[in-house]
1. Which one of these does Arg46 not meet: (1) farther than 17 Å from Pro122 by Cα; (2) free of Cβ contacts under 8 Å to residues at least 40 places away in the same chain; (3) within 13 Å of the chain's Cα centre (by Cα)?
2. Of the residues in region 49-69, how many are hydroxyl-bearing (Ser, Thr, Tyr) and touching a helix residue (DSSP H, G or I) at 6+ places or on another chain (Cβ under 9 Å)?
3. Going through region 70-92 one residue at a time, which ones are of a type in the set (A, V, I, L, M) and out of contact with any helix residue (DSSP H, G or I) (no Cβ under 6 Å at 6 or more places or on another chain)?
4. Only one of these is in contact with a Pro (Cβ under 7 Å, 6 or more places away or on another chain), of a type outside the set (A, V, I, L, M, F, W, C) and touching a residue at least 24 places away in the same chain (Cβ under 8 Å): Glu72, Glu61, Glu79. Name it.
5. Just for helices (runs of 4 or more DSSP H) wholly inside region 38-136: which have at least 2 residues that are farther than 21 Å from Val17 by Cα, modelled with pLDDT under 80 and touching an Asp or Glu at 6+ places or on another chain (Cβ under 9 Å)?
6. Being modelled with pLDDT of 90 or more, closer than 18 Å to Asp128 by Cα and surrounded by 15 or more Cβ atoms within 10 Å (Cβ to Cβ) is the requirement here; does Leu8 meet it?
7. Restricting the search to region 83-107, which residues are among the small types (Gly, Ala, Ser) and either on the phi > 0 side of the Ramachandran plot or in contact (Cβ under 8 Å) with a residue 60 or more places away in the chain (or both)?
8. Looking at region 63-87, which of its residues are surrounded by fewer than 22 Cβ atoms within 10 Å (Cβ to Cβ) and touching a Phe, Trp or Tyr at 6+ places or on another chain (Cβ under 7 Å)?
Amino acid sequence: MYSKPTDLSFELANGGVGPDPLRLDALDAEFVVLLFQRDHLCGNCRNQVQGIATRYEEFRERNAVVVSVLPEPKERAAEWAASYDLPFPVVADPESTTADRFGQPVRFGFLGELHDLLGRMPLAVMIDLRGGRTAARLLPRRQRSLRPADHRGTTARTRPQA
């Protein structure tokens, strides 16, 4: 179950574009969309980041940065970012500490904890950095996946609301 962390800060190794390590407070944006991925093998996650990559200018036009969070080491995050030519940061969260803090769901109890591909479920969180206040928002269930064919939550069709 998703729970809003009280401390939204993080510093993670970045295998994609942008600073390494990547810190949330160092991003030049009003909005940050965190995509907590299942793992590097997840087909839906690969489709998601590829679809967002093709429309990434729409995010930037809305002063938003997308950050993909992989429960993998930095080397795997770098391979993933390079293989899909992603124009946004892909950070490594190998122990899933940031994902757990943001409440990324894990299904199947103990069995799900054994392997990310089996238990970890993707999660999308939008962080509002405007005006010195920082607030996290879970994207509504119908928008949570940010599927390439349906980017309603954060693309040019709708601007994120305060």
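The values are calculated or read from the model by the stated rules, or taken from the named source; none is laboratory data. Please read all numbers here as calculations on a predicted model, not as lab measurements. A quick note on method: Cβ atoms are made from the backbone with ideal geometry, for glycine too, and the neighbour counts reach across all protein chains shown.
1. (1)
2. So the first thing to find is which residues in region 49-69 are hydroxyl-bearing (Ser, Thr, Tyr), and the list is 54, 56, 68.
Then keep just the ones that are touching a helix residue (DSSP H, G or I) at 6+ places or on another chain (Cβ under 9 Å); that gives 68.
Residues in region 49-69 being hydroxyl-bearing (Ser, Thr, Tyr) and touching a helix residue (DSSP H, G or I) at 6+ places or on another chain (Cβ under 9 Å): 1 in total.
3. Going through region 70-92, the residues of a type in the set (A, V, I, L, M) turn out to be 70, 77-78, 81-82, 86, 90-92.
Selection gives Ala77, Ala78, Ala81, Ala82, Val91.
4. Residue meeting the stated conditions: Glu72.
5. By residue number, 116-119.
6. no
7. The first filter runs over region 83-107 and keeps only residues among the small types (Gly, Ala, Ser), leaving 83, 92, 96, 99, 103.
Matches in region 83-107: Ala92, Ser96, Ala99, Gly103.
8. Result: Asn63, Pro87.
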